[in-house]
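The values are calculated or read from the model by the stated rules, or taken from the named source; none is laboratory data. Everything numeric in this text was worked out from a predicted model, so none of it was measured. Every residue, glycine among them, receives a Cβ derived from its backbone with ideal geometry; neighbour counts consider all protein chains shown. The accessibility values were calculated without ligands, DNA or RNA, using every heavy atom of the protein model including side chains. Shrake-Rupley method; radii C 1.70, N 1.55, O 1.52, S 1.80 Å.
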Amino acid sequence: MSDFLYNGHASGDVASTLMANNFDPHVLRPYIGNDGKNYVTVNNGTKSVVTNAPASLRKDEWISLDDVVLKAAQQRLNAVADLRSAGLQYNIPNGMGKTVLQYQNQSDISGASVSMDGLNQSDSDRPEYNLVNLPLPIIHKDFRFSAREVLASRNGNSPLDTTVAELAARKVAEEAENLLLGVSDSYAYGGGTIYGYTNFPSRLTKTMTAPSTTNHKTTVSEILAMKSQSQTAKHFGPWFCYCSTSWDQYMDEDYEVAKGDNTLRDRIGAIDGIDRPKTLDFLPANTLVLVQKSSDVVREVIGMDITTVQWEAKGGMELNFKVMGIMIPQLRSDFNGNTGIVHGTHA
């Protein structure tokens, strides 16, 4: 059986349930109450009886499943978590009901005039704008249990084996991270494209010397040059600093072997406005990135946090689950293509 939406019409139990409830995923998270009836928790905190999405799990089973999913997801969301902790996120209410985010790039205007009496006519202009679409796809991964597995776990007083749920959550989180880093293929829809740090067309680039024990000072000089590139593009920091795992062995070496008082990572972190380099597992080899911490450069668009929904199939003998989220990076440049993202690589 398949469930889909086409031209505003739903086909299938899952799609019909979502359409009937304004795409609120909570309606696909029903649980069995202590009285044996089926409930969902809605946004205002009250409970309502479910009639179109029969519950198969108890509340404590949902809690156990959610704990595993969220813990696994958080371990993989490093760069995404940095944006959110810095307040660089944009929440879209009811993100399931929207497919694109429209926004505008804005040009600058000319400078002010200087005169003694203020009577001279200064340039009169206004910013120019262009309209951009950002796709809002759903990142998702499915898994399932049989009804017999659920019943056996209850009768044996042992919890469900949530390993597959953990793996599904990791895959969703990894894809959200990879989209931000530009490791996944660019996703295009509705006239817009999702880009990340390493494939954003407007990013600045820097060819770097391969790191080695004897090149630490060269690395610092080249990072200072990357900072200067961002400043020349009218983006003055502060900056996140990220490196791939291939840099790790050098980042944690002593900056000056004779002194041994700090590492290369410490030395870079001492540069004004630049964070200590953080290693990201999914960055391509030989990569180092500076990203200005401002919403006009990058922010994470949250249409739906990572959540798990459930529905029955095969007469209730199979319980299907989907871990999903709408977590999309929005990388931006100004009207003239200037940005605060500098992408350094070495051969």
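Find how much the distance from N133 to T163 grows on full extension, using 0.36 nm per residue of separation minus their present alpha carbon separation; answer in nm with one decimal.
Contour length minus Cα-Cα distance gives 7.1 nm.
May I ask you to give the percent of accessible area on region 291-347 that is carbon plus sulfur, with a probe radius of 1.4 Å?
48 percent
If each of A147 and E318 carries a label point 7 Å out from its Cα toward its Cβ, how far apart are those two points in nm?
Using points 7 Å along Cα→Cβ, the separation is 1.4 nm.
Assuming R0 = 22 Å, what is the FRET efficiency of T279 and K234, from their Cβ-Cβ distance, to the nearest 0.05?
Calculated value: 0.15.
Counting alpha carbon pairs within less than 8 Å and at least 6 residues apart, what relative contact order, in whole percent, applies to region 250-331?
Once normalised by length, the contact order is 19 percent.
Students often get this wrong, so check it: of K71/K141; K37/K322; K171/K314; K71/K98, which have C-alpha atoms separated by over 18 Å?
Flagged as over cut-off: K37/K322; K171/K314; K71/K98.
Nearest 0.05, what FRET efficiency do N91 and S295 give at R0 = 22 Å with Cβ-Cβ as r?
After rounding, the FRET efficiency stands at 0.95.
In region 171-287, carbon and sulfur make up what percent of the accessible area (probe 1.4 Å)?
The computed percentage sits at 46.
Given R₀ = 45 Å, what would the calculated FRET efficiency be for D254 paired with A188, taking r from the Cβ atoms and rounding to 0.05?
So the FRET efficiency works out to roughly 0.45.
Which value, in Å², gives the accessible area per residue of region 218-347 when a 1.4 Å probe is used on the protein heavy atoms?
Per residue, region 218-347 has an accessible area of 38 Å².
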